[in-house]
Amino acid sequence: MFLIIRFRPFTCKKHQSLLRRKLGNSNPQLQENKITNLKIATSKIDGVIIKPGETFSFWKLVGRTTKSKGYIEGMQLKMGEVKTGIGGGICQLANLLYWMALHTPLTVVERHHHSFDPFPDSGRTLPFGSGASVFYNYVDLRFKI
């Protein structure tokens, strides 16, 4: 997954996040499912323009992840455990957005970190604690200009 944040006409930051990697004893199919879920979620934010004074809200744009919208079972972190659930894996998008926002003039107004690290040192390029947890309608990632 690749993301660019621009403040027209300048590019502020580029970064990419691996879609597939060894994740302990996790079911590899959950990574494939995550990719499906990420495609749906990224289509909701691709090309979004945040104007001065506006706030970007992950959940306002992505919306609830449901089967009827095409989301499937993926890996989720819930209450200190790794579980599966519809839309699982899209926190990777929130992680990437948060990391990118930190490297721009954007102001983060809401961000929650993961409560634990399910994949310690598995090819990590960003430090634990630099991600963003999201849980529909309660735990959002929001930033503004």
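The values are calculated or read from the model by the stated rules, or taken from the named source; none is laboratory data. Bear in mind that the values here come from a model prediction, so they are computed numbers and not experimental data. Because the Cβ atoms are built from the backbone with ideal geometry, glycine has one as well, and the counts that use them run over all protein chains shown. Note: accessible area is taken over every heavy atom of the protein model, side chains too, but ligands, DNA and RNA are not part of it. Shrake-Rupley method; radii C 1.70, N 1.55, O 1.52, S 1.80 Å.
Using modelled backbone amide H atoms (1.01 Å from N, in-plane), which distant-in-sequence or interchain residues come within less than 5 Å of Val109's amide H?
For Val109, whose amide H was placed from the backbone, the distant partners under 5 Å are Arg142, Phe143, Lys144.
So what are the ³J(HN,Hα) numbers for segment 88-103, from phi and the Karplus equation (6.51, -1.76, 1.60; θ = phi - 60°), rounded to whole Hz, Gly and Pro as x?
Values, residue by residue: x, x, 6, 4, 4, 5, 4, 4, 5, 4, 5, 4, 5, 4, 4, 9 Hz.
Taking H placed 1.01 Å from N in the peptide plane, check which residues at least 5 places from Gly131 or on another chain put their amide H under 5 Å from its amide H.
His114
Ordering Leu106, Leu77 by how much accessible area each has at a 1.4 Å probe, largest first, what is the list?
Largest to smallest exposure gives the sequence Leu77, Leu106.
Residue by residue, what Karplus-based ³J(HN,Hα) values in Hz, rounded to whole numbers, does segment 131-145 have, using 6.51, -1.76 and 1.60 with θ = phi - 60° and x for Gly and Pro?
3J(HN,Hα) across segment 131-145, in whole Hz: x, 9, 8, 9, 9, 3, 6, 10, 10, 10, 10, 9, 8, 9, 8.
Starting from the amide H of Ile86, placed 1.01 Å from N in the peptide plane, find each other amide H under 5 Å away whose residue is 5 or more places distant or on another chain.
Here Gly74 satisfy the definition.
May I ask you to order 133-139, 56-62 by the average number of other C-beta atoms within 10 Å around their residues, highest value first?
Ranked by mean Cβ neighbours within 10 Å, highest first: 56-62, 133-139.
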